[in-house]
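One structure is given below, encoded as structure tokens.
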Amino acid sequence: MAGVQHLDEVDKFIDPLKTIGYEFVAHKEFPERRFFRKGQWRAGTHHLHIYKFGSEEWNNHLLFRDYLSTHSDIRKQYQQLKQNLSQKHHLDRVGYTQEKAPFIRYVIEEAKKR
């Protein structure tokens, strides 16, 4: 994850990132994020998410990361969920992402309570 002051700054990163193997992927369902992937389609090896620094989306990612790092039981549940979903949605990245979203939202809400 990387942060910028304004999302329109990301346009100038597209070509330089392309030279090192990253592809810009526009996702209209995530207007507050810019996404780059590296590796084979639907089997990327690297994902780069760019958000506005300090935005709600930025903060939610940090909350999620920090909660997982301090709650091993939840981290194991998330790992198992991802393994199960990767088998179920082997060629369906959208389905995989949609099905893990409720768990992520739950963890973020739990993290906000603390």
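Among residues of segment 23-40 that are more than 18 Å from Glu9 (Cβ to Cβ), those with a beta-carbon under 6 Å from a residue that is not in a strand (DSSP E or B) at least six positions away or on a different chain give the pairs Lys38/Gly21. Residues in segment 18-35: is at least one more than 13 Å from the chain's Cα centre (by Cα), β-branched (Val, Ile, Thr) and more than 21 Å from Lys112 (Cβ to Cβ)? Within segment 18-35, one or more residues are more than 13 Å from the chain's Cα centre (by Cα), β-branched (Val, Ile, Thr) and more than 21 Å from Lys112 (Cβ to Cβ). In segment 11-21, is there at least one residue being surrounded by 12 or more Cβ atoms within 10 Å (Cβ to Cβ) and at positive phi? Scanning segment 11-21, I find at least one residue that is surrounded by 12 or more Cβ atoms within 10 Å (Cβ to Cβ) and at positive phi, so the answer is yes.
When Thr97 is tested against (1) closer than 30 Å to His6 by Cβ; (2) in contact (Cβ under 8 Å) with a residue 24 or more places away in the chain, just one condition goes unmet, and that condition is (2). Filtering segment 85-94 for residues that are over 19 Å from His27 (Cβ atoms), polar (S, T, N, Q), modelled with pLDDT of 95 or more and surrounded by 11 or more Cβ atoms within 10 Å (Cβ to Cβ) leaves an empty set. Against the numbered list (1) over 29 Å from Asp11 (Cβ atoms); (2) open to solvent by 90 Å² or more (accessible area, probe 1.4 Å); (3) modelled with pLDDT of 95 or more, Arg114 comes up short only at (3). On inspection, Ile50 fails the criterion of being surrounded by 15 or more Cβ atoms within 10 Å (Cβ to Cβ), under 28 Å from Val10 (Cα atoms) and touching a Phe, Trp or Tyr at 6+ places or on another chain (Cβ under 7 Å).
The values are calculated or read from the model by the stated rules, or taken from the named source; none is laboratory data. All figures in this text were calculated on a predicted structure; none of them were measured in a lab. FYI the Cβ positions are ideal-geometry reconstructions off the backbone, even for glycines, and counts take in every protein chain you see. All accessible areas refer to the heavy atoms of the entire protein, side chains included, with ligands and DNA or RNA removed. Shrake-Rupley method; radii C 1.70, N 1.55, O 1.52, S 1.80 Å.
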